[in-house]
Amino acid sequence: MKYDWDKLLQSILDVGEEMIVCGAEVSRVEDSIERMCESYGAPYERINVFIITSNIQVTLETPEGRILTQIRRLIRHGTNFDKLDYLNDLSRYICEHQPEPNEILKRLDDVMSRPEPRRLLKIFGAVIIAASFTVFFGGNWLDSIAAGFVGLVIVLMELYFASHEPNQVIYNFAVSFVAGLSALLLTKLGLGDNVDKIMIGGIMLLIPGIAMTNSIRDMLIGDIMSGWLRLLNAVLIAGAIACGFALSIILIGGGSI
């Protein structure tokens, strides 16, 4: 069966792109793209996939002998393991059934149209996490309540402002600064005793733990460039978070720090 390889490769890259955006490790996506291309008859030894966190490049030879190359620039980011699970299922379906490009795009659209977690659930989770970590690191019940409010501030900023600032360094700096101001003001108003413990609860919502974990995993399995890029990005974000809280301390004062 003959396929329109230009559209086919484009649709396969669409799946790979969304996998990266949802938080998949580079090696998994490279392997998935190779397997999907091979299932349509492309010789495995003539499929070359190179991925870093901001770029996908695929060159292959079709069964008819054509050489195709497509490059995809990645500018989005995020973590969504629910969609990633369905994207993995979709890649396996493609390998098994070799659907037409239009069917791939339809199934991909169905996956990406899955509902996001309810906002109230996300807000509740952020408040509980911030409050719990504050207690874990030695804060009292009053600090826990204040940290819950800081967590509320952080998640509301994420819900309503994250889409307006694509630069993660600037966004995390701004959120950290506002969260730090909130923690300091609450402490000065008597709604918390240990501002450092309150800040720790808020920081735990912002640290790029998944990015750091994936970067180490990429390096351990040989994707050195992707691993270093992810690690550098995570370190820059962590630095922006630290600078945001530090600036709030400098402007208002450290309370009981």
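The values are calculated or read from the model by the stated rules, or taken from the named source; none is laboratory data. This is a predicted model, so every value here is computed, not measured. Neighbour counts are summed over all protein chains in view; Cβ atoms, including those assigned to glycine, are modelled from backbone coordinates with ideal geometry.
Residue by residue, here is whether (1) touching an Asp or Glu at 6+ places or on another chain (Cβ under 8 Å); (2) outside any helix (DSSP H, G or I) holds:
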position: TYR93; (1), (2): no, no
position: ILE104; (1), (2): yes, no
position: ASP109; (1), (2): no, no
position: PRO115; (1), (2): no, yes
position: LYS122; (1), (2): no, no
position: VAL127; (1), (2): no, no
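When ILE67, ILE33 are screened for being aliphatic (A, V, I, L, M) and within 22 Å of LEU87 (Cα to Cα), only ILE33 passes. For segment 58-77, the criterion of being of a type in the set (Lys, Arg), surrounded by 19 or more Cβ atoms within 10 Å (Cβ to Cβ) and in contact (Cβ under 8 Å) with a residue 12 or more places away in the chain is met by no residue.
Evaluation of MET112 against the conditions (1) surrounded by fewer than 14 Cβ atoms within 10 Å (Cβ to Cβ); (2) hydrophobic (A, V, I, L, M, F, W, C); (3) under 20 Å from the mean Cα position of the chain (by Cα) shows that the sole unmet condition is (1).
If I filter segment 222-230 for residues that are surrounded by 16 or more Cβ atoms within 10 Å (Cβ to Cβ), of a type in the set (Asp, Glu) and either over 26 Å from ILE123 (Cβ atoms) or modelled with pLDDT under 85 (or both), do I get at least one hit? Yes. Of the residues GLY78, GLY138, the single one that is within 30 Å of GLY151 (Cβ to Cβ), in a loop (DSSP other than H, G, I, E, B), more than 21 Å from the chain's Cα centre (by Cα) and not hydroxyl-bearing (Ser, Thr, Tyr) is GLY138. The residues listed here are ILE241, ILE200; of these, the one that is surrounded by 18 or more Cβ atoms within 10 Å (Cβ to Cβ), on the phi < 0 side of the Ramachandran plot, part of a helix (DSSP H, G or I) and in contact with a Leu (Cβ under 7 Å, 6 or more places away or on another chain) is ILE241. A Cβ distance below 7 Å, combined with a sequence gap of six or more or placement on separate chains, defines the contacts here; from segment 156-171, residues that are not assigned by TED's automatic domain parsing to the domain that holds THR79 reach residues that are basic (Lys, Arg) and part of a helix (DSSP H, G or I) in the pairs LEU159/ARG119. Just to be sure, is LEU84 outside any helix (DSSP H, G or I) and in contact with a Cys (Cβ under 7 Å, 6 or more places away or on another chain)? Spelling it out, it is not the case that LEU84 is outside any helix (DSSP H, G or I) and in contact with a Cys (Cβ under 7 Å, 6 or more places away or on another chain). Just one of (1) within 27 Å of HIS164 (Cβ to Cβ); (2) not assigned by TED's automatic domain parsing to the domain that holds ALA162 trips up GLU100, so point out which. Result: GLU100 passes all but (1). Of all the numbered requirements in (1) closer than 19 Å to LEU105 by Cβ; (2) crowded, with 16+ Cβ neighbours inside 10 Å; (3) not hydroxyl-bearing (Ser, Thr, Tyr), ASP4 misses one, and that requirement is (2).
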